[in-house]
Amino acid sequence: MMSALIAPELVALDADLGPDKHDVIRALAQRVADSGRATDLDALVADALAREEVSATGLPGGLAIPHCRTSGVDEPVVSFARLSPPVDFGGKDGPADLAFLIGAPAGGDATHLTILTKLARALARPEFGQTLRETDSAEQAAQTILDAVGDAPAAQSATQEPAPAPAAAEKRTLVAVTACPTGIAHTYMAAEALQAAASRAGVEIAVETQGSAGATPLPAETIARADAAIFAVDVGVRDRSRFAGKPLVSSGVKRPIDDADAMIAEALAAAEDPNAARVESGRGDSSESAGTASESWGGRTRRVLMTGVSYMIPFVAAGGLLIALSFLLGGYDITNVYGAVMVDNTLTNLPDVQALGLDHALFDSGLAVYLGALFFVIGKTAFMLFIPALAGYIAYAIADRPGIAPGFIMGALAANLFGVVNADGVSAPATGFLGAIAGGVLAGVIAHWVSGWRVPSWARGLMPVLVIPLVTSILAGLVMIIVLGKPINWLMEQLTDGLAALDGTSAVALGAVLGLMMAFDMGGPLNKVAYSFAATGVGAASLAADSPELRIMAAVMLAGMVPPIALALATVVRPQLFTPAEHENGKAGWLLGASFITEGAIPFAAGDPMRVIPAIMVGSAVTGGLSQLFDVGVRAPHGGIFVLFAVTNVLGYLIALAAGVVVGAGMVIALKSVGRAPVPAAATS
């Protein structure tokens, strides 16, 4: 039987839980642990803080709802505090005096999630907060929360179809979708706020909540008779094309919580405006937040490129690691015989290592050579797809699903995946990742344009599956081949020749610059540009161990490992300079950095960017430069410390990493020690 969602021991009234939201979250989590409801306190704290980094959980009316799905609890639990003094959780109207830490089990079923979504809906009612502010009893506060959970409508009923209006009343009807990344709180609070605002405006509204408790899709007839649609989402809208043609008002999921009345008014105005933005026809699931209509060009460019790179990285990581493993098993000479081994041999007919001339096979084993050849083929296949994937998902970010096929085709042209050659064996221009970016943008823009064509109703079904990909592939393909192919190929040749000419001081300088880029935005656009630049070169598996491409990959990987490890080291050397939340992040930073996950430094940089970012940039620049100085090479594009088998000059690799970590940690400590009082000792215990 499930325990009650909250109990008196999980309530703190008029409590001073610390000066910032990290302290409050930890204190509330500690209450959960003290009550015996947390199976892993550290996991609960880490997951709640990680959710807080996605977007602030402060809400209008002095509320804060830090929440997460976590392995740290087995049952849903709420810890509540009435804060004195209030603490800033990023709410629009100031600090919060009512804070709810909501924990849902990572594998929670619909019952768990229904309880939590009932609470989220109760939080949208002003009288609920007023009761909690007036009570003097922890027992009464806990009971108020339990009563709200018992009385609120179930989460599955969040999708509500408006009752048909009387024939004489020409009542406006709206449909809406709400969704947040976690799908526990904001999704349902936004729905509640929209429904309340619609009621005040005398408007019927049906809201589809796409949350963790599941979603009941709105009936097609409900959507059909709606005058306009509202998308309040921080993630993609599932089956967005159901709403095609409807006037659209879009925002992030927090806006209706802050200002639902304005969104209802905007939706009604859009319904009357023939020039209002509309949900695109013939387009599938959206990969972007619905708030992109008001996006700046800079923000849109960043989002498009980041979408392409984020989808590309798994191809690069899987392919590169498989190729590195193939070299570990079969030696670098496996590139000369992999075809013969794959075609001629089996597990019951293993290759003859000596006959193949493989002097570096692991243990001179035929099984190792056979597996190495298969790993090479699988890895090389994955690597051949990463440039098409980059272009395909750039196009997807611009035009949604209709852009994928043309985008992949442009990427395949950029990689010359067809292997087009003339009679003399000269290949068609291969434009690499620069061509993939250009081709992906071109395909996305054309697909988006074609999808906006007005066509007869009988032809609408053909648009996404035939007309858009066909027209886009023809137009974009011709431009890529006729106009862009040779100029971009020339640029790639100049870049390759420039890398080959790097030596000495110029190579060290490049390593330092790449290090600065990796640390500056820790997973952002500059970081991804540097990574893509390096990963592209690793695909040529025949490269010699001292090839500049492999040295660049080493500099980028090492520089990306430095920030989380340097900050983790700093929390150990000078713990009084860091908050309890930063100590928790520091514990994770060791493994994140060792795994080449630069994003592990983001929580530190978000809290103190002016001190942290310059420090880790210096550390990463030192490591990048030393990596080039020591001629370190890496054949694997990911993996960090766990791919030492793919490293040339392991000693230089470790020295460069250690030097940058020490410099970065020292810089952080020095900058944090200047003009800033240490965190009180009690806070670091």
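The values are calculated or read from the model by the stated rules, or taken from the named source; none is laboratory data. Everything numeric here is computed off the predicted structure, so don't read it as measured data. Positions of Cβ are generated from backbone atoms using ideal geometry, with glycine treated the same way; all protein chains shown enter the neighbour counts. The protein model used for the area step is the full one, side chains on, heavy atoms only, and it has no ligands, DNA or RNA in it. Shrake-Rupley method; radii C 1.70, N 1.55, O 1.52, S 1.80 Å.
Can you pick out the pairs among Lys21/Lys254; Lys92/Lys118; Lys380/Lys587; Lys380/Lys486; Lys587/Lys672 whose Cα atoms lie more than 29 Å from each other? Walk me through the numbers on the way to the answer.
Working: Lys21/Lys254 18 Å; Lys92/Lys118 23 Å; Lys380/Lys587 36 Å; Lys380/Lys486 25 Å; Lys587/Lys672 19 Å.
Pairs exceeding 29 Å: Lys380/Lys587.
In plain terms, the chain is cut at each of the trypsin sites (Lys or Arg not before Pro) found in a DSSP loop with at most 14 other Cβ atoms within 10 Å, and the longest leftover piece is 172-453.
The heavy atoms of His448 present about 80 square angstrom of accessible area, all protein chains included, probe 1.4 Å. Amide H contacts under 5 Å for Ala206: Leu174, Val175, Ala176, restricted to partners 5 or more places along the chain or on a different chain, H placed in the peptide plane at 1.01 Å from N. When only Cα pairs below 8 angstrom with a gap of at least 6 residues are kept, the range 527-643 shows a relative contact order of 38 percent. Normalising by residue count, the range 366-518 has a Cα convex hull of 191 Å³ per residue. In the complete set of protein chains, residue-level accessible area for Ser532 is approximately 10 Å², probe 1.4 angstrom.
Taking the Cα centre of the range 29-104 as origin and assigning +1 to Lys and Arg Cβ atoms and -1 to Asp and Glu Cβ atoms, the resulting dipole is close to 200 debye. 3J(HN,Hα) couplings calculated from phi for the range 13-18 with the Karplus curve 6.51 cos²θ - 1.76 cosθ + 1.60 (θ = phi - 60°) are, in sequence order, 10, 6, 9, 9, 9, x Hz; Gly and Pro show x. Scanning residues 5 or more positions from Ala12 or on other chains, those with amide H under 5 Å from its amide H are Phe80, Ala81, Arg82, with H placed 1.01 Å from N in the peptide plane. For the chain, the longest principal axis of the alpha carbon atoms and the long axis of helix 404-414 meet at an angle near 20°. Summed over the residues of the chain and divided among them, the accessible surface reaches 41 Å² per residue at a probe radius of 1.4 Å.
So for the chain: antiparallel DSSP bridges make up what percent, rounded to the nearest 5? Given both bridge residues lie in the chain, the antiparallel proportion sits at roughly 40 percent. Taking all protein chains together and a 1.4 Å probe, the residues Leu322, Leu462 rank Leu462, Leu322 from largest to smallest accessible area. For the chain, the dipole from Cβ point charges (+1 on Lys and Arg, -1 on Asp and Glu) about the Cα centre works out to 1120 debye, to the nearest 20. Here the Karplus relation 6.51 cos²θ - 1.76 cosθ + 1.60, evaluated at θ = phi - 60°, turns the backbone of the range 59-64 into coupling constants of 10, x, x, x, 9, 9 Hz, with x for every Gly and Pro. On a 0 to 90° scale, report how tilted helix 334-344 is relative to the longest principal axis of the chain, with both axes built from alpha carbons and the result rounded to the nearest 10. Computed tilt is about 80 degrees.
Per Stokes-Einstein, at 4 °C and 1.567 mPa s, what whole-number D in µm² s⁻¹ belongs to the chain, with the Kirkwood radius over Cα pairs as the hydrodynamic radius? Intermediate results must be reported in sequence, preceding the final value.
Working: Rh = 28.0 Å.
Calculated translational D: 46 µm²/s.
The relative contact order of the chain, computed from alpha carbon pairs under 8 Å that lie at least 6 residues apart in sequence, is 8 percent.
Accessible surface of the chain, 1.4 Å probe: 62 percent of it comes from carbon and sulfur atoms.
Quick check: with the 1.4 Å probe, what order do Glu266, Glu75 take by accessible area, largest first?
Working: Glu266 75, Glu75 50 Å².
Order by accessible area, largest first: Glu266, Glu75.
Derived scalar couplings between HN and Hα for the range 504-517 equal x, 4, 5, 5, 5, 5, 4, x, 5, 5, 4, x, 4, 5 Hz in order, rounded to whole Hz, by the Karplus curve 6.51 cos²θ - 1.76 cosθ + 1.60 (θ = phi - 60°), x for Gly and Pro. Solvent-accessible surface (1.4 Å probe) assigned to Asp93 amounts to roughly 100 Å².
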